[in-house]
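Student: This is the structure, below, for whatever I ask next.
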Protein chains: 2
Amino acid sequence: MKGKKNITIVEVGPRDGLQNIAHFIPTSKKAEIINKMVDAGEKQIEFSSFVHPEWIPQLADVEQLYDLIKDRKNVTYRALVANEKGLERAIAIGVKSVVWVVAATDRGNLDNVNMTTEQSLELVRRTGKRLGDTGVKLCGIIACALGDPLEGDVPVKTVIEVSEAFQEAGATDISLADTIGIANPQKVRQMVTQLVEALPHVNWGIHLHNILGLGMANALAAWESGIATFESSVAGLGGCPYAPHQGGNIATEELVYLMATLGVDTGIDLGKLLETRDFVRSVVQSPLP
Amino acid sequence: MKGKKNITIVEVGPRDGLQNIAHFIPTSKKAEIINKMVDAGEKQIEFSSFVHPEWIPQLADVEQLYDLIKDRKNVTYRALVANEKGLERAIAIGVKSVVWVVAATDRGNLDNVNMTTEQSLELVRRTGKRLGDTGVKLCGIIACALGDPLEGDVPVKTVIEVSEAFQEAGATDISLADTIGIANPQKVRQMVTQLVEALPHVNWGIHLHNILGLGMANALAAWESGIATFESSVAGLGGCPYAPHQGGNIATEELVYLMATLGVDTGIDLGKLLETRDFVRSVVQSPLP
């Protein structure tokens, strides 16, 4: 029980959660969800993604949604970008934080964006140059950082190389994603401990799934190993459809509760968050047309 | 990551799970569930309870059920008893293991069985004498061991006193129950570490609920602190209806998976257990009349 006394939660439900819902949630409902998250005290929200609408039609309304979000002052809204066109769209509407996903394995990256890891990192480097002094923050997510479904364990050396490329491009926030949902407390501790030691100036985050109930056990192991930024989604929305055992992202409300029991401040009101969870469930189950 | 390399799982679904289902599950279906659990490798099963049928009509078929259970040789079937009449019924049909629940707080015990803790312990002592050399094993569960909903933290001294009374009556297996679902990793570690130190010859067990996702995080903390016996139920059936946040017992399949990732042997086949889970869900949702 030796983790940091303050942690940051990055809410990824509006992006990672809603893109996994088969139907399109109306933009006004998405904004309502986000505004409730803010009311509960969430300070970092991955609100949508700038990808081609044909790839992910559920998030085709990213510009309209950004317009409807209130409280731009106290909350950071970040968006996923998947190519340079998406990056330009994000800059054009004034998004202040963009995130790139690069898989630690070529297999995972080819599967995700049809490029090798090195090709994606080249795009990350160009993004760093493009952002320059625009004031837009660059964040990195390393997919398959805790294991690859086919290649198995990923060497810490590989994760460090990808992290260094993100750092060189200007990213200080780098998140380790358990893309395929095969993390466990032992693996989390081993990987995080080595990374924190190797690159101590990175603000390390983690993106976990709740596979067969391991979500909070992995989160506890990550926190104890030095992770201070957690990606999660209200109601556990989202996650990986390819995981060997079904399970969504770790739920923000569970993470807030776990952290409260550890005496860790998240700045989030659990009661309001549980109301938000109920609202999210009602919207996702029966969206208004 | 320093727990024991072998653990015992006590499956409590047939008792704690099914008594919380409003309707009566046919005896043959209960036997089918239990036999599937055995096929998956479960070796200790709390199969039912000897309480007055008016209290818990869902378990009124305890004698008939025991008749239908196969494989009496390799599996220990234990039953809950709540009074001396129940104890005699258990002995009469040849049950080999009985379990008493005593709450660590008078409030909890009065609530549960309308007796003070000391009055229940007197019954436990009489049970110890009655069992004598019958070969029937006595197990103890300490309710509210990890906190009382009204009294808050329970002093470790109190839990030790109840444990000593169980020991004196002949119980070597004593389980700490998070009756109200308020345990957290920190609390689990503190309590278990002190108990293992104070009474090292007890075979300590723990009975956890999965409240707001904390189930496996608490199980991990318990295992690391020296717990080698876990009570759980397939599909997470059961749990406490009075818990502040809804949640069932920890699920056996999740525990088996967590332990497998830690290199801990449970003797249970996860694939078969997941099939058993699906079967349990199908029975509970639409029981045959």
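The values are calculated or read from the model by the stated rules, or taken from the named source; none is laboratory data. Just so it is clear, the structure is predicted and the values come from calculations on it, not from any experiment. Neighbour counts run over all protein chains shown; Cβ positions are idealised from the backbone, glycine included. Just the protein is used for accessible areas: all its heavy atoms, side chains included, with ligands, DNA and RNA removed. Shrake-Rupley method; radii C 1.70, N 1.55, O 1.52, S 1.80 Å.
Student: Based on alpha-carbon centroids, what's the gap between segment B:20-39 and segment B:152-179 in Å, whole number please?
Tutor: Spelled out, the Cα-based centre of one part sits 30 Å from the other.
Student: Right, here's the next one. Report, to one decimal in Å, the Kirkwood hydrodynamic radius for segment A:92-181 based on all distinct Cα pairs.
Tutor: Values: mean 1/r = 0.0760 Å⁻¹.
Result for segment A:92-181, one decimal place: 13.2 Å.
Student: How much solvent-accessible surface does residue B:52 expose, in Å² to the nearest 10, with a 1.4 Å probe and all protein chains in place?
Tutor: Result for residue B:52: roughly 90 Å² accessible.
Student: Along each of the three principal axes of the Cα atoms of segment B:141-289, give the extent in whole Å, ordering the values from largest to smallest.
Tutor: Computed over the Cα atoms, the extents are 46, 35, 30 Å.
Student: Right, something else. Using every Cα-Cα pair within the protein assembly as shown, state what percent have a distance larger than 36 Å.
Tutor: Tail fraction, whole percent: 39.
Student: Rank B:217, B:79, B:103 by mean-square fluctuation in a GNM of chain B with C-alpha springs under 10 angstrom and give only the top-ranked residue.
Tutor: In the Gaussian network model the winner is B:217.
Student: Determine the alpha carbon to alpha carbon distance for each of A:5/A:157; B:30/B:272; A:36/A:73; B:85/B:129; A:43/A:187 and list only those over 25 Å. Mind showing how you got there, number by number?
Tutor: Numbers: A:5/A:157 29 Å; B:30/B:272 17 Å; A:36/A:73 16 Å; B:85/B:129 15 Å; A:43/A:187 29 Å.
Check vs 25 Å cut-off fails for A:5/A:157; A:43/A:187.
Student: For residue B:182, tell me the accessible area in Å² from a 1.4 Å probe, rounded to the nearest 10.
Tutor: Surface accessible to solvent at residue B:182 totals approximately 40 Å².
Student: Measure out, as a whole number of angstrom, how far apart the alpha-carbon centroids of segment B:104-119 and segment B:186-245 sit.
Tutor: The two parts, judged by their Cα centres, are 21 Å apart.
Student: Put A:189, B:15 in order of accessible area, largest first, 1.4 Å probe: what do you get? Could you put the intermediate results ahead of the total?
Tutor: Values: A:189 45, B:15 25 Å².
I get A:189, B:15, largest accessible area first.
Student: Rolling a 1.4 Å sphere over the protein heavy atoms, what is the accessible area per residue of the protein assembly as shown, to the nearest Å²?
Tutor: 40
Student: Summing both sides, how much accessible area is buried between A and B? Use a 1.4 Å probe and give Å² to the nearest 100. The partial results should precede the final answer.
Tutor: Working: alone 12520 and 12510 Å², together 22880 Å².
Heavy-atom accessible area buried at this interface is about 2200 Å².
Student: In addition: Taking every pair of alpha-carbon atoms in segment B:8-284, give the share separated by more than 34 Å as a whole percent. Walk me through the numbers on the way to the answer.
Tutor: Values: 4151 of 38226 pairs.
So the portion of pairs separated by more than 34 Å is 11 percent.
Student: With just the Cα atoms of segment A:22-178, tell me how far they stretch along each of the three principal axes, in Å, largest first.
Tutor: 42, 38, 30
Student: Loop-only GluC sites (Glu not before Pro) in segment A:35-143, please: DSSP not H, G, I, E or B, and at most 16 other Cβ atoms within 10 Å. Numbers along the way, then the final one.
Tutor: Working: sites: A:42, A:46, A:54, A:63, A:84, A:88, A:118, A:122; in loops: A:42, A:54.
Loop-located and lightly packed - A:54.
Student: I've got another one for you. Could you tally the net charge around residue B:53, taking each other residue with its Cβ under 13 Å from the Cβ of residue B:53, Lys/Arg +1 and Asp/Glu -1? Before the final figure, lay out the partial values.
Tutor: Numbers: positive: B:85, B:89; negative: B:54, B:61, B:63.
Taking every other residue near residue B:53 into account, the sum is -1.
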